[in-house]
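Student: To start, I am sharing the structure in question, which I have written as structure tokens.
The values are calculated or read from the model by the stated rules, or taken from the named source; none is laboratory data. What you see is a predicted model; the values in this text were computed from it and never measured. As a convention, Cβ positions derive from the backbone with ideal geometry for all residues, glycine included, and neighbour counts pool all protein chains shown. Areas reflect the complete protein model, heavy atoms only, side chains present, ligands, DNA and RNA absent. Shrake-Rupley method; radii C 1.70, N 1.55, O 1.52, S 1.80 Å.
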Amino acid sequence: MAKSPWAPGASALAGAAQALDAVLSGGHSADVALGAFDASDQRAAVRAITLGTIRWYLRLAPAVESLLAKPAAISAPVRALLIVAAHQVEYSRNAPEATVHAAVDAARILKSPRATGFVNAVLRRFVRERPQLLARVDQKEPGRTAHPQWLIDRLRSAWPAQCPAILAANNAHPPMTLRLDVSRASAAQYIDRLSTSDIDSLKIQWIDSAITLTHPVSVSALPGFSEGWVSVQDAGAQLAPGLLQVGAGMRVLDACAAPGGKTGHLLEGAPPGVTVTAVDIDAARVARIDENLKRLGRTATLIVADVSKPQSFWDGRPFERILVDAPCSSTGVIRRHPDIKLLRRPGDIAPLAAGQLSILKAAASMLAPGGRLLYCTCSVLPEENETLVGRLLEEVPAMHPARMPAAGDLAPGAQDRSLGVQLMPGAEAGTDGFYYACLEKTTTGT
């Protein structure tokens, strides 16, 4: 292999700068931005640097920009490079001097050779002055918590006591949790299989299917992954099938089903005769459901359609069980998707809630009398959760709250709400933030 002409780490820094710029300038999600590096031998390093930088962007960017005489005059890729390098200086174990050297070469990789002296000077200053620079940034909440002020305010309003813990959890690295197909093996048996592959893991005690790895690994290293024994899924998301209470022979609708994690889980534990219809509005995302189900060895009827418009796909036969995992602000999964802090806007919440209500109303119209509907989101904002469910109950009189376990019986640290249950990110259970509400339809229908 030919020796690289660049300093160690330069290629990864350049890649991370490109990915960060795609998020900041292009409005792309981090997953989309990082997809450009799927075939790169630097993929893991680029991903780690990019997500770390995004996680702490609102703390790092003001510190770096305070060193720039004319921030607007700096090209977007070079500005992104300065911030990813600052992340490595502040949050990695690399020697700061080595990071500066790598960043200078990264500027060349980014085809900005004239910026090398500038990058060197700014970063050397950052290395020298970063305690004072970051102390000034930390005087304000957005910098100190690395969250936008609007989101801090929303979280504080909804969760005054829990707000500091939520903000801290959002900045933590999430665990890698597996969902085991318990029809194939017990958790103890699969943990033994992991051990033989030198993968350390722990059983999550409050749910049979969940196992957390001590250290993340590639899915290709997981025994039985390609054969469908396990999937990667947060433990909080694994509560859905138990709450839906699917019985033998039932017709089940999984609305907004992509990428198919909950669809697969429903099928793994389904009693005899259960049929599942999975709907999503995006054809590419429905293809993802198909891929996931094939790996799991499960089958469902897959439909590309807008679930809020039943007339476009529904045959008129009611479903006894419906899962609505609605598109939402994703404010409960920020630790996995830190780009939410940069891409989400305060004006997004009301339109999301309107869409959620439209989907819920459509789902209610397809639910059989006496049927059960499970509404869930990965949001921690009441506007998308209990407040929204309250609006549905007001507008669709045939729908009523259904019995569900108390929060503490579902997961440690979960919170009972006026309607439904909220899991907090991090918290005692270690899950992402999820909301669940069980609803039923009176036998007289709508």
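Student: Within the set of pairs 6+ apart or on separate chains, which have a first residue in segment 42-56 that is among the basic types (K, R), a second that is open to solvent by 10 Å² or more (accessible area, probe 1.4 Å) and not in a helix (DSSP H, G or I), and C-beta atoms under 7 Å apart?
Tutor: As it stands, the answer is R43/F37; R55/N171, since those pairs meet every condition given.
Student: Would segment 173-189 turn up any residue that is within 22 Å of V333 (Cβ to Cβ), of a type in the set (K, R) and crowded, with 16+ Cβ neighbours inside 10 Å? I'd like the intermediate steps shown before the answer.
Tutor: Here is the first cut: in segment 173-189, the residues within 22 Å of V333 (Cβ to Cβ) are 173-180.
Now drop any that are not of a type in the set (K, R), which leaves 179.
Of the ones still in play, those that are also crowded, with 16+ Cβ neighbours inside 10 Å are 179.
The answer is yes, given that some residue of segment 173-189 is within 22 Å of V333 (Cβ to Cβ), of a type in the set (K, R) and crowded, with 16+ Cβ neighbours inside 10 Å.
Every residue, every condition in (1) at pLDDT 95 or above; (2) open to solvent by less than 20 Å² (accessible area, probe 1.4 Å); (3) hydrophobic (A, V, I, L, M, F, W, C), yes or no:
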{"residue": "D348", "(1), (2), (3)": "yes, no, no"}
{"residue": "G355", "(1), (2), (3)": "yes, no, no"}
{"residue": "N385", "(1), (2), (3)": "yes, yes, no"}
{"residue": "V389", "(1), (2), (3)": "yes, yes, yes"}
{"residue": "P397", "(1), (2), (3)": "yes, no, no"}
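Student: While we're here: Suppose we keep only residues that are within 20 Å of N171 (Cβ to Cβ) and open to solvent by 60 Å² or more (accessible area, probe 1.4 Å) within segment 23-66. Which one would you say is farthest from the chain's Cα centre (by Cα)?
Tutor: That would be L24.
Student: Pull out all pairs, ordered by first then second residue, where Cβ-Cβ is under 8 Å, the residues are six or more apart or on different chains, the first lies in segment 386-397 and is part of a helix (DSSP H, G or I), and the second is basic (K, R).
Tutor: The qualifying pairs are E386/R417; L392/K361; E395/K361.
Student: Okay, next question. For segment 113-123, state whether one or more residues are open to solvent by 70 Å² or more (accessible area, probe 1.4 Å) and at pLDDT below 95.
Tutor: Within segment 113-123, one or more residues are open to solvent by 70 Å² or more (accessible area, probe 1.4 Å) and at pLDDT below 95.
Student: Being out of contact with any Pro (no Cβ under 6 Å at 6 or more places or on another chain), in a loop (DSSP other than H, G, I, E, B), open to solvent by 10 Å² or more (accessible area, probe 1.4 Å) and closer than 23 Å to A362 by Cα: is that true of P272 here? Talk me through it step by step, then tell me what you get.
Tutor: Details: out of contact with any Pro (no Cβ under 6 Å at 6 or more places or on another chain): yes; in a loop (DSSP other than H, G, I, E, B): yes; open to solvent by 10 Å² or more (accessible area, probe 1.4 Å): yes; closer than 23 Å to A362 by Cα: no.
The answer is no for P272.
Student: Right, here's the next one. Over 26 Å from A48 (Cβ atoms), open to solvent by 20 Å² or more (accessible area, probe 1.4 Å) and touching a Pro at 6+ places or on another chain (Cβ under 7 Å): which single residue out of R193, R156 fits that description? Give the steps one after another, and end with the answer.
Tutor: Numbers: R156 fails: touching a Pro at 6+ places or on another chain (Cβ under 7 Å).
Within the list R193, R156, the selection yields R193.
Student: Can you pull out every residue in segment 288-329 that is of a type in the set (S, T, Y) and assigned to a strand (DSSP E or B)?
Tutor: Initial filter on segment 288-329 (of a type in the set (S, T, Y)): 299, 301, 308, 312, 329.
Passing the criteria: only T301.
Student: Any residue in segment 223-235 that's touching a residue at least 40 places away in the same chain (Cβ under 8 Å): show its pairings with residues that are exposed (fewer than 15 other Cβ atoms within 10 Å of the Cβ) and assigned to a loop (DSSP other than H, G, I, E, B) at Cβ separation under 6 Å, as long as the two are six or more apart or on different chains.
Tutor: Listed by first residue and then by second, the contacts come to G228/G297.
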